Protein chains: 2
Amino acid sequence: MANLEKLFRPRSVALIGASDRTGSFGCYAAKELLKTGNKLRSYFINQRKAEIFGVRTYPDVAALPECPDLVLIATPAATVNGLIREAAERGTRDFIVYSSGFAEDHRCHGAELEKEMAALAAQYDLHIVGPNCCGIFNNVDKISVWGSNGDYDLSRPTGAAVLGHSGGYTMGGMDRDWIGLSYGVSGGNGSIVSQEELADYCVDDPGTRLLCMYMEGVKKPDVVYRLLKKCVDRKIPCVTLKSGRSQKGAISAASHTGNLAGSYEMFRAVFDKYGVLSPDGVEEYYGLESVLYSLNGRLPRSNRFAIVCRSGGEATMSADLAERYGLNLPDLDQATKDAINEMMPDFGTAKNPLDMTAGLRGDQDKLARTFDLLASDPNIDAIIAAFDFNDEAVDTGYDMHAFMGDPVIACAKKHPDIPLFMMPQYEQRRDPTWRKRLNEAGIPILPPAEIGYKLMQTLVHYMEYDPARKRLEWAVPERYPEHAAALTEFDSKQELMAAGIPVPKQQVVKDKAGLAAVCGEFGFPLVLKIHSPDILHKTEAGGVRLNVGSLAEAEAAFDNILESCRAFAPQARLEGILVQQMAKPGLEIILGVKNDRQLGPMLLVGLGGVFVEVFRDTKLIPCPICEAEALDALKSLQSYRLLTGYRGSKPCDVQALAKLMVQVSEYAVANKNVLKEMDINPVYVYEEGQGVCVLDALIVKGKK
Amino acid sequence: MANLEKLFRPRSVALIGASDRTGSFGCYAAKELLKTGNKLRSYFINQRKAEIFGVRTYPDVAALPECPDLVLIATPAATVNGLIREAAERGTRDFIVYSSGFAEDHRCHGAELEKEMAALAAQYDLHIVGPNCCGIFNNVDKISVWGSNGDYDLSRPTGAAVLGHSGGYTMGGMDRDWIGLSYGVSGGNGSIVSQEELADYCVDDPGTRLLCMYMEGVKKPDVVYRLLKKCVDRKIPCVTLKSGRSQKGAISAASHTGNLAGSYEMFRAVFDKYGVLSPDGVEEYYGLESVLYSLNGRLPRSNRFAIVCRSGGEATMSADLAERYGLNLPDLDQATKDAINEMMPDFGTAKNPLDMTAGLRGDQDKLARTFDLLASDPNIDAIIAAFDFNDEAVDTGYDMHAFMGDPVIACAKKHPDIPLFMMPQYEQRRDPTWRKRLNEAGIPILPPAEIGYKLMQTLVHYMEYDPARKRLEWAVPERYPEHAAALTEFDSKQELMAAGIPVPKQQVVKDKAGLAAVCGEFGFPLVLKIHSPDILHKTEAGGVRLNVGSLAEAEAAFDNILESCRAFAPQARLEGILVQQMAKPGLEIILGVKNDRQLGPMLLVGLGGVFVEVFRDTKLIPCPICEAEALDALKSLQSYRLLTGYRGSKPCDVQALAKLMVQVSEYAVANKNVLKEMDINPVYVYEEGQGVCVLDALIVKGKK
């Protein structure tokens, strides 16, 4: 791993392109250096002005009194590489390039410029952050080499690391000033020092307790995997908003930061494996940042929530949204119900969600007692206060914030093990003072309910994540088999057998004598198929005979197959006849492996036929996998119930299937540099204890 | 229909329980009457105080100088019915009861009180709004008999009618003061005058151009259907937030307003038929209210949007969200691209979504030109400005609102046929002045993007709604067959035949002679089944023989079936053997009808087997239906591709299937008061031109 110490903690910094022109990178960065003050020695470089903000300038790096630890560049793209070389010659190894116009620019020569920059980095062993970035805000050491607007406060508390391929979304995460921020990092295109390396550095700081990333793609997959594993080991929640999921979004990502967006399904599978919280939009992303920062590790014990509302409409809507997003709302304990009912004799009954009605919400003592009762209920692990908490004047004759807020805060203090969440029903102005007070009591304010409950679902998935059921290893290809070819069915199965995966007996025979010998060895019934590297679709060519029951039938089939195939494809090399034992029918499963050039081999599993083709009811798991992952993947299929006994059939041997999945994943890992893809379609799964059978297999691979 | 004129437009009003105690219904209502001023003659009734807010009071209705058109009641539940009787005796027919403690209260005697109230209403022919409501705000005639907080402005513009089963959500809709409001109506429990009747009255006002309802359930389904049809005919967008969709939500709805929530799938089907905009949450609901009010009928011509962003991250996320919610983002016309590229030579390229980059967003003229170019592009029907538009200070040296807002407004004015939408990326304070300016230019500000794009999907469905493809008739049962029984397969099919639906030839035979006659008439192959009112699961009982090919086989089958069934169920009445022509196999379809006690018969269609049972891939349509609805329903199935030719099979006869669906729906309508449910499972569908065949049928019905 690169040593990024001087990027984050330089002793001396030179800013090339320092400027006092409002709105320019050079001006923002200059102001940040002034703000950082005597934490480091700063030099402004500008050839046209003698002074910037009252500070003397230098004409170039050569003129500086020392070799700076870090050089910041805010000049037009065409000038950047020359300036880097100059500074590298002087001895600087660390750079931040704010300037745009590189790989993200598809019309000009940006991609060439960025390649040149990478070559320079290799030649001089440089760490270059950017280009096309906003730089680094290091609030731990109170050093800002940030090059954009925002003017972040170097005296705020620490805690979260926020990074992003978008400067705007990085700033969105940094803007939430109720969140303690250790690092804000915008690494831009990241082709030399990648966002994942910058994140890894941030997570190495023991003070970092939350990682938030906006990610358009990945530059160094190995680093990403190591980073995610580190977060699991250190129990640091990792929130990653992955964009570029759609076709147009991927195009946009490529032109924004030159990132290959990759298939989101693959990323999603990696995120599942490592317990990454993966929001679907910006509001959920920022919401998770707030929630996880406020909770500070105090997650609900399990998915058992009580919801408290001020009105019946809120209660009805909250119940609907909670169910849609999989939150459990247990019935309240009888003692809790009795105690609450006693407080509101004229109105509703104590249910979950609880409509407080005027009876409770209008009396601060009863309000406080209600929260206390819910937090003490043995059926409840967390409370959602699902009402608006705003600063709009309400004609009630009292301060709504204090009236509703104080009892909630008191409950949080008395019951630190029962997390509390504030869930507004719709967008509101949120009173900053009260947001702060609630946050200090560990109570996050969620986004509007439609996103807020979705966020809670993401949080529950994180709560339920169990690394013991995951095999946290990875297999990133060192090189990718661009030119790969399909093996024949026989060769594919031989590969599987060699990897210890059982397949039915098979043999290629060249003539009738060979056929007779194999028939004698295998017994009947048999399957005969054409064996030819040139015929992939054997059935179409008339190249398959099932259920062959005797030697006479086998001999007739031998002749028929060769005749049909010769007629179908006169040029094809017919190398013999593949003879296999015929398997008894079972439930059809499809296993596949797609080797992702970045993320490595992914195992796909689904039920055969329409399940995969019409309903896309499949699951992906990054290889290698363990048996628990295989079983969890099967359980997550909509069609899983067909494996557990459907319409009176017996339960299937899912253990044997899981074992096969593990073996296939290990084969894929062992072949990560040559395997392009493989299909095992179908696998027959038999009833419990009867195992599985690989019927057909197709491996596409390159040379070792 | 009830004449609700005096509820909305009384000349004289008495408020029983008028009060000056802050926060009470009686106080809110008193203030509203004072605000309404000399639009009507108001009387305050209070037995303990001589004056309320300086106005003299009366001890009771009898003491008033005239019989009031409308009586408002804000006293405890137990007193209400007596007061109603008193006023009814005096001659009043119209009431609003604000008080709670009626059917929504499941612990006390609220339900009895409400029944009593309904009996009073029937006895005296009263129109009672409520109980448990906030009343009526009539901004058209500037009359407010509203009984809750809010203090709405009687001088605001008119246009929308906002109603709700929740006072809170009704007020949420009324609170948006940039929306012209004709009526705000909270009808509470609505068991006497229902919310749907109040909405119907509002829609009869030719000035009403938008209807928004928060709906927990329905009291008078006929009125709902008529209301929705009226909205279609008058092209009034009807936005309905239906809650109580979940199990807990339905319980909450029952205790909130005493509403039967019903199955949301049924409501959803009704909404689809009538083009109702059906949001999934409160923020989307209010957002649709804003959008439809601002657009004022100017919908995009079709689903072809251009998205404009300020940054690359926004563009990537916008593309992802647009794709997730089905918005089309066409490529820009080459001339548009060229003109935009010319303006930003150093940066990105003109794509859709468009990342303006600093090159465009920093120059107001270029910004204006960009919007103008997009609005003029022949591929584009609407523009989404997907950037934040907030009042937070940004260090740019200019007024961000004017800088970004003026060009957008100019574009809206120049291109009135190209609707513009402002889509913030995440929750922001929205500057009220600018919101107003944008609204005046017909430009709505959407909720945060994750909800905003979802809202646009709802809007696109509305744009694409075509009443010509719907049969806008309804069939609400006048009475419901509580005690219904299953007909035998034979009787079920005879019913279908009598309704003109073709079924294979069938006959029940009692003996061998009868069997021989039928075999002679029908030919072979045949199916023989037990005919018994006591055996529903015929296969289990050994009561089915398929593919009977000769008279001898038929005779053997006859004996075998009777023997098996006698052994299986010795008590069963074995009334004969059902003989049917055996149909050739086709694609299996399931048709069903579920007669909803409120909404009437609903036709269900899906592909047989796992499609329905595992994937719930079905569609519901309210009966009666037309062929276009049948075809659209089939197309909306995930498994539709199996009907169009899958894996080399020929396309199915969907026309014949659609015709059958229409016939079944008409049978259901004709039997709406006796049919409970029916299943036609399976129907075989053959290839194009070959028709369909009803294999099995089960009808559950009561007595005529």
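No value in this document is a laboratory result; all are computed from the given coordinates. Quick caveat: nothing in here was measured; it's all calculated off a predicted structure. Please note: Cβ atoms are built from the backbone with ideal geometry, for glycine as well, and neighbour counts cover all protein chains shown.
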Under the rule rounded for a/c under 1.5, else prolate if a/b exceeds b/c, else oblate, using alpha carbon gyration tensor axes a ≥ b ≥ c, the stretch A:587-701 is classed as prolate
To the nearest 20 debye, what is the magnitude of the charge dipole of chain B about its Cα centre, counting +1 on the Cβ of each Lys and Arg and -1 on the Cβ of each Asp and Glu? 1340 debye
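What is the order of A:Met266, A:Met678, B:Met404, fewest Cβ neighbours within 10 Å to most?
Working: A:Met266 17, A:Met678 28, B:Met404 21.
The most exposed by this proxy come first: A:Met266, B:Met404, A:Met678.
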Out of the stretch B:502-589, which trypsin sites (Lys or Arg not before Pro) are coil in DSSP terms and have no more than 16 other C-beta atoms within 10 Å? B:Lys505, B:Lys510, B:Arg573
For the residues A:Phe490, A:Phe305, A:Phe568, what sequence is obtained by ranking on other C-beta atoms within 10 Å, fewest first? A:Phe568, A:Phe490, A:Phe305
What residue among A:His165, A:Ile383, A:Ala484 has its Cα farthest toward the positive end of the dipole of chain A, where the charges are +1 on Lys, Arg and -1 on Asp, Glu, each on the Cβ? A:Ala484
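So which GluC sites (Glu not before Pro) in the stretch A:55-117 end up in coil per DSSP with only 13 or fewer other C-beta atoms within 10 Å? Numbers along the way, then the final one.
Numbers: sites: A:Glu66, A:Glu86, A:Glu89, A:Glu104, A:Glu112, A:Glu114, A:Glu116; in loops: A:Glu66, A:Glu104.
Qualifying residues, ordered by number: A:Glu66.
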State, to one decimal in nm and shortest first, how far the label point of A:Gln334 sits from each corresponding label point in the other identical copies (label point: 7 angstrom along Cα-to-Cβ). 8.0
Nearest-first distances (nm) between copies at A:Ala122, label 7 Å from Cα via Cβ: 9.0
The stretch A:1-130: antiparallel bridges as % of DSSP beta bridges, rounded to 5, reads 10 percent
Quick calc, the protein assembly as shown, dipole around Cα centre from Cβ unit charges on Lys, Arg (+) and Asp, Glu (-), nearest 20 debye, gives 80 debye
Between the stretch A:20-90 and the stretch B:195-270, what is the separation of their alpha carbon centroids in Å? 65 Å
How would chain B be classified by its alpha-carbon gyration tensor: rounded, prolate or oblate, with rounded meaning a/c under 1.5 and the a/b versus b/c comparison settling the rest? oblate
Between copies, how close do the A:Ala485 label points come, placed 7 Å along Cα→Cβ, listed in nm from shortest? 7.4
Round to the nearest 10 and give me the degree value, 0 to 90, for the angle of helix A:364-376's Cα axis relative to the longest principal axis of chain A. 30 degrees
Can you pull out the trypsin sites (Lys or Arg not before Pro) in the stretch B:619-659 that DSSP calls coil and that have at most 10 other Cβ atoms within 10 Å? B:Arg647
Going by alpha carbons, how many degrees (0 to 90, nearest 10) lie between the helix axis of A:400-414 and the longest principal axis of chain A? 60 degrees
Ranked on Cβ counts within 10 Å of their own Cβ, fewest leading, A:Cys652, B:Cys309, A:Cys693 go A:Cys693, A:Cys652, B:Cys309
Taking the Cα centroid of the stretch B:633-684 and of the stretch B:469-485, what is the distance between the two, rounded to the nearest whole Å? 19 Å
Counting only other chains, and only Cβ atoms inside 10 Å, what mean value do you get across the residues of A:445-454? 5
Output the relative contact order of the stretch A:182-307, whole-number percent, from Cα pairs under 8 angstrom with separation of 6+ residues. 23 percent
State, as an integer percentage, the relative contact order of chain B based on alpha-carbon contacts under 8 Å between residues 6 or more apart. 8 percent
Separation in nanometres of the label points that stand 7 Å from Cα toward Cβ, at A:Glu521 and B:Arg21: 9.8 nm
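Could you sort out which of A:Lys337/B:Lys248; B:Lys220/B:Lys676; A:Lys248/B:Lys337; B:Lys538/B:Lys584; A:Lys351/B:Lys220 sit more than 23 Å apart by Cα distance in this structure?
Values: A:Lys337/B:Lys248 16 Å; B:Lys220/B:Lys676 20 Å; A:Lys248/B:Lys337 16 Å; B:Lys538/B:Lys584 20 Å; A:Lys351/B:Lys220 28 Å.
Cα-Cα > 23 Å for A:Lys351/B:Lys220; rest within.
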Test item: Cα-centred dipole of the stretch B:587-701, Lys/Arg +1 and Asp/Glu -1 on Cβ, debye: 240 debye
Only bridges with both residues in chain A count here: give the DSSP antiparallel percent, nearest 5. 55 percent
Rounded, prolate or oblate (a/c below 1.5 giving rounded, otherwise prolate when a/b exceeds b/c) for the stretch A:505-581 by Cα gyration tensor: prolate
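How much mean residue ellipticity at 222 nm does chain A get from its helices, if each DSSP H run of length 4 or more adds -39500 (n - 2.57) and you divide by all residues, to the nearest 500 deg cm²/dmol?
Details: 23 runs with 265 residues, N = 704.
Result for chain A: -11500 deg cm²/dmol, rounded to the nearest 500.
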If I take R0 = 25 Å and measure r between the Cβ atoms of B:Ser376 and B:Thr349 in this structure, what FRET efficiency does the formula 1/(1 + (r/R0)^6) give, to the nearest 0.05? 0.85
Over all residues in B:638-649, what is the mean tally of Cβ atoms on other chains that come within 10 Å of each residue's Cβ? 2
Nearest 5 is fine: what % of DSSP beta bridges in the protein assembly as shown come out antiparallel, could you say? 55 percent
For the stretch A:237-381, with the dipole built from +1 on Lys and Arg beta-carbon atoms and -1 on Asp and Glu ones, taken about the Cα centre, which of A:His256, A:Phe267, A:Ala358 lies farthest toward the positive end? A:His256
